[in-house]
Amino acid sequence: MASPLLLLLPLAVSSLLLPFAAAARVFSVADYGAAGDGARYDTGAIQAAVDACAAAGGGRVLLPAPGDYLTATVHLRSRVVLDVAPGARLLGGTRQADYPPESRRWYVVLAENTTGAGVTGGGEINGQGGAFVVTPNPQKNIMVSWNATGDCEGDECRPRLVGFIDSKDVTIHDITLNQPAYWCLHIVRCDNTMIHNVSIYGDFDTPNNDGIDIEDSNNTAITHCHIDTGDDAICPKSTTGPVYNLTATNCWIRTKSCAIKFGSASFFDFKKLVFDNITIVDSHRGLGMQIRDGGNVSDVVFSNIKMSTRYYHPLWWGRAEPIYITTCPRHPDSKEGTISDIQFINISSVSENGVFLAGSKHGLLRNLKFKNVDLTYKRWTNYSGGLYDYRPGCQKMVKHRTGGMMLEHISGLEIDNVRMRWSRGSLKGWDVDPLLFQPSTVDKLSFHDWQSLAVSR
C-alpha cells in the first residue's frame, strides 16, 4: 500500500496548479517593448511587465513565441508567474555585470521573499552555460570563475539559473531549464514548493551544474521530472536550517555524479524524505548521503527504484556505487552526524561497484533496512576499481578490496530478500566477496532470504 504522503501528491499538485489556471491577468513582455531577438537585452521590458503584474495583484507575465529574450537577472514578485510560451526562450546574460553585486544573488530568474510566485509555460530558460567553458574537456570542463572581487572563492563563481529564496507557495511546472552555468534550480529556505514536469539539461562534462538543490526548505514535492546533467541531480542540503518533508516521485535521472545526494552541506537535520519510482541511468552514483557537518538524517524511504551505475573519470566524486551512505567529519574538529531509520524497498541495480555503507566512530549508521533488493555486479568500462571514495574530507580516496557490500560503523542492518548477482566473465578487479566488514565496527545484523550467486553475462 502506498504511503499516505504519496497518495496525497496528486491532490497537492492539483491544488497548487489551480492558481496558475485561474490567473486571468496576462502581461505580455512584447507590450513593454521586448524585442525577443536574442541580441538586444530585454531586461527592462521583462522587469516592467513583472512589476506591473505585481502592482495589479498578480497574474502571468508572458514571453510569447517565437522569441529569444536575452536578459540580466529578472526579479519575480509575489503572485507573479513567469510564463515562457512553447517556442520561446529566456536567455541568461553571460557578463558579470548582468547580475547583482552579491554572488549569492546571481540567478537568471530570482524570487526573494515571495508568496505564490512561479515559473511555467512550456518554453525554455537557458543559462548559456557553454559561454562559461574556458577549456572543453571530456573528463571535466574547465570553467570561468568570477572570483576577482573576492565575493566568492575558487572555481564555483558562476551564476545559477533559477532561484527561489525565503519564499512560500512556490510552483515550477511544465518548463525546460537548459544549460545552466552553475546550479540549475535552487530552492532556499522555502516552504510548500511544487516542482512538476520540469526537464533539466546540463552539459554532461560541466562540474557543479546540479539539477535541483533543495536547501533548508520544507514541504517540497518533485514529480515527473527529467534530469540529465553533469553534477548531482536531486540534492537536499542543510546549511542554515533543516530539510523536512521532501518527496520525489516518477523521475528519470542521468548524471556524472550522484543521482540523489544528501549533502554534503549538512549542518542541520534531514527528516521524513521519500523517493519513489525513480529511474537512474548510467550515473556515477545512485542513492547517496554525504553527511559531513554534524546534521542527522532519519526517516527516509527509497522505494521502487531501477538504476545503472558506472565509473567515470575520478575527477568526479563517486565510484559507481548504487547505494552510498556515509557520515564522517569534514574536518578533524567537525561534528559527526548520525544516519538512522533508512529503508531501501524494491530496488534493482546493475553496477560496476558494490554498496558502500560507512558510518564513523561517533556517527553511526543505525537501523538500515534492505527489502526486496536485486543487485547485479558487472564491469563494462575501462576505469580502474579498487578504491573507496570518502570525499569530501574524511579519508578521501582509499585503496580497498571491492565487494558486494562494504560495511563499517553500523548498529542495526536488516537484510530481507536481497539478491547479489555476479556476472561471469565481466568482474575484472573484483574479489567477489559478498560482504566486507570489520566485526568490531558492526553489530545487530539480521539476514533473511539473502543470496549471492554467479550468473551468465
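The values are calculated or read from the model by the stated rules, or taken from the named source; none is laboratory data. Remember, predicted model here, so these are calculated numbers, not experimental data. Positions of Cβ are generated from backbone atoms using ideal geometry, with glycine treated the same way; all protein chains shown enter the neighbour counts. SASA here: full protein model, heavy atoms, side chains in, ligands and nucleic acids out. Shrake-Rupley method; radii C 1.70, N 1.55, O 1.52, S 1.80 Å.
Miscellaneous remarks
- Applying both filters, DSSP loop and at most 16 other Cβ atoms within 10 Å, to the trypsin sites (Lys or Arg not before Pro) of segment 365-443 gives K396, R401, R424, K428.
- The chain, accessible surface, carbon-and-sulfur percent (1.4 angstrom probe): 51
- Rg/Rh ratio calculated on Cα atoms of segment 237-336 (Kirkwood radius): 0.98
- Taking 0.36 nm per residue of sequence separation and removing the Cα-Cα distance, the H331/W450 pair yields an extension gain of 39.1 nm.
- The Cα-based radius of gyration of segment 260-456, divided by its Kirkwood radius, gives an Rg/Rh of 0.93.
- Surrounding net charge for S103, when Lys and Arg each add one and Asp and Glu each subtract one, Cβ distance under 11 Å: 0
- Charge tally in the Cβ shell below 9 Å around A259, where Lys, Arg are +1 and Asp, Glu are -1, A259 excluded: +2
- Summed over all non-identical Cα pairs, the Kirkwood treatment of segment 24-231 gives a radius of 16.8 Å.
- For the chain, a crude dipole built from +1 on the beta carbon of Lys and Arg and -1 on the beta carbon of Asp and Glu, taken about the Cα centre, is about 1120 debye to the nearest 20.
- Local electrostatic count, K272, Cβ distance below 11 Å [Lys/Arg +1, Asp/Glu -1]: -2
- The chain - convex hull of the alpha-carbon atoms, volume per residue in Å³: 134
- Sites listed here are GluC sites (Glu not before Pro) in segment 66-142 whose DSSP assignment is loop and whose Cβ has at most 14 other Cβ atoms within 10 Å: E102.
- Candidate lysines - alpha carbon under 29 Å from K371, same-chain residues fewer than 8 apart omitted: K237, K256, K261, K271, K272, K306, K361, K428, K444
- Calculated [222 nm] ellipticity per residue, helices only, for the chain: -2500 deg cm²/dmol; basis is -39500 (n - 2.57) per DSSP H run with n ≥ 4, divided by all residues, nearest 500.
- Aspartates and glutamates with Cα under 17 Å of K335, excluding same-chain neighbours fewer than 8 positions away: D269, D293
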